[in-house]
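Contents: one structure, followed by commentary.
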2 protein chains.
Amino acid sequence: MVADNDSQKIEESRDILISAIAQTMVIYGVTPSVGRIYGVLYFADKPLNLDEIKDQVAMSKGSVSTGLRDLLDTEMVIKVWKKGDRKDHYIAEKDFFKNFFAFFTKMLRQERNIISRANEQVEGTLKDIAVNGDSEEAKEMAQGDLKDIEQTMTYFDWTLRLANAMESREIFEHFPKYKGDDSTGQE
Amino acid sequence: MVADNDSQKIEESRDILISAIAQTMVIYGVTPSVGRIYGVLYFADKPLNLDEIKDQVAMSKGSVSTGLRDLLDTEMVIKVWKKGDRKDHYIAEKDFFKNFFAFFTKMLRQERNIISRANEQVEGTLKDIAVNGDSEEAKEMAQGDLKDIEQTMTYFDWTLRLANAMESREIFEHFPKYKGDDSTGQE
DNA sequence: TAAATTGTTCAAAATAAATAGAATAAATTG
DNA sequence: CAATTTATTCTATTTATTTTGAACAATTTA
């Protein structure tokens, strides 16, 4: 049973790596359980169905279902069709660059939206006070706040450009995928 | 009382902006309360002490204290000394670029550490099986996992270079702070 | 189209996180 | 160095999130 010993060792190694992956995914805002679903799919050598995942992560069917939905939404997991099987099957998107860019661009866009909306909401009022305010003090306060808003928009213009460069992979022109390489990193 | 009306309008505008800031900070993993502390400091026209913050955010002294500690740890808030006052005073770091870079580099480093540690932990075992494994199947599995690990290290080398470029502000050479500008964005 | 299989939704329970406020510690002053 | 002020830590409570498991809906097959 030496071969079995090997596969057990591989199993243990994968468990360690799966835990690590799950832990890092917590940084990106998912629960450890969802992270573990991704980890299991990452090391699966074939597409897994809901029940197979459920057994491996030891969670309820419902939780796996909602967890998979999260992972599908963020495109970290892909649903695949398997001939001759009624069940849905899932595989992990193993390209960390892709996962990171997807997460990152979504995050920056969300942030930008929240702040932009608030800025638009107050800009009119502040501009009015800045010009027609009754006291010099009020005018100055409004002017100061408007300057702050302007600054944040400079920042968000920048993050938007960065996000676009990630989405288009243009970023690899400045930071090549492989050190010393100046290709685009496109495969 | 027209002037009072102005300052009330400014107050309301700031509340809207503070809420938006707090919301975006949630994306970055802090609680809305901690986000609000930062927001209040962001719009304060002078350094505030713990009691003043407490009154403005309507939280307990203890919670404000621990919230400030988080913000000090991530360098989003700075403690300043005010002459003739025993109390500690705090100001917000208003440079969003700085805040973002600090958050981002910390996050990537944390991620890298978790995965690197796990990789080191299993690399020996997998390498052994890849070479001396008893079954061809086990060998192939180990080789496949090692290839995955290698891929992740390529990815982490890249994120490290990106993080360094942010920390050194070299990133502004590729993505200038102001659109069309090719200066370093250094002030 | 009825029966069986698969997947999702949702209310209830379990778990985790955040907050308040009192107790404690630390610092400052006279 | 005692008294006072200020800040932090810690436990109990509240609040929010996650998870389960059963009910429901949708899909497939015979």
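Within the straight-line cut-off of under 19 Å between alpha carbons, the lysines reachable from A:Lys139 are A:Lys127, A:Lys147, B:Lys9, B:Lys46, sequence neighbours fewer than 8 places apart in one chain being disregarded.
The range A:1-80 and the range A:106-148 have Cα centres spaced 46 Å apart. Among A:Phe43, A:Phe175, A:Phe103, which one shows the biggest mean-square fluctuation in a GNM of chain A, springs joining Cα atoms closer than 10 Å? Judging by the Gaussian network model, the answer is A:Phe175. Pairs exceeding a 32 Å alpha-carbon distance, out of A:Lys54/A:Lys179; A:Lys106/B:Lys179; A:Lys87/A:Lys177; A:Lys177/B:Lys79; B:Lys79/B:Lys106: A:Lys54/A:Lys179; A:Lys87/A:Lys177; A:Lys177/B:Lys79.
With only the Cα atoms considered, the protein assembly as shown has a convex hull volume of 200 Å³ per residue. Inter-copy label distances at A:Asp15, using a point 7 Å along Cα-to-Cβ, come to 5.4 nm with the shortest given first.
Among residues other than A:Lys82 with Cβ under 11 Å from its Cβ, the summed charge is +3 (Lys and Arg +1, Asp and Glu -1).
With a cut-off of 13 Å, note down the residues of the range A:98-129 whose backbone N falls inside the zone around a label point 7 Å from the Cα of B:Ile16 toward its beta carbon. A:115-129, by backbone N distance to the label point. Here r is the Cβ-Cβ distance between A:Asn132 and A:Thr31 and R0 is 41 Å; the resulting FRET efficiency, rounded to 0.05, is 0.20.
Inter-chain neighbour count for A:8-16: the average number of beta-carbon atoms from partner chains within 10 Å of each residue's beta-carbon is 6. With the Kirkwood sum run over all distinct C-alpha pairs, the range B:15-63 has a hydrodynamic radius of 10.8 Å. Between B:Lys82 and A:Lys79, the C-beta separation translates, for a Förster distance of 45 Å, into a calculated FRET efficiency of about 0.15.
Per-residue shielding of A:139-149, expressed as the average number of other chain Cβ atoms within 10 Å of the residue Cβ, stands at 3. Taking the axis that rotates chain B onto chain A, the chain B residue nearest to it by Cβ, with the distance rounded to whole Å, is B:His174, 2. In this label model, A:Gln151 and B:Asn5 are separated by 3.1 nm, measuring between points 7 Å along each Cα→Cβ vector.
Computed on the Cα atoms alone, the convex hull of the range A:1-133 gives a volume of 151 cubic angstrom per residue. Between A:Asp70 and B:Ser168, the modelled labels are 3.7 nm apart [label points 7 Å from Cα along Cα→Cβ].
Averaged over the residues of peptide B:114-123, the number of Cβ atoms from other protein chains lying within 10 Å of each residue's Cβ is 5.
Placing a label point 7 Å from Cα along the Cα-to-Cβ direction at B:Lys94 gives distances to the equivalent points in the other copies of 5.0 nm, listed shortest first. If R0 equals 30 Å, the separation of the Cβ atoms of A:Ser116 and B:Asp181 corresponds to a calculated FRET efficiency of about 0.85. Plainly put, the tip 7 Å out from Cα toward Cβ on B:Leu160 is 3.5 nm from that tip on each other copy, the closest given first.
Coordinate-derived values only; no laboratory data. Keep in mind that what you see is a predicted model, and the values were worked out from it rather than measured. Cβ sites come from the backbone with ideal geometry, for glycine too, and all protein chains shown count toward neighbours.
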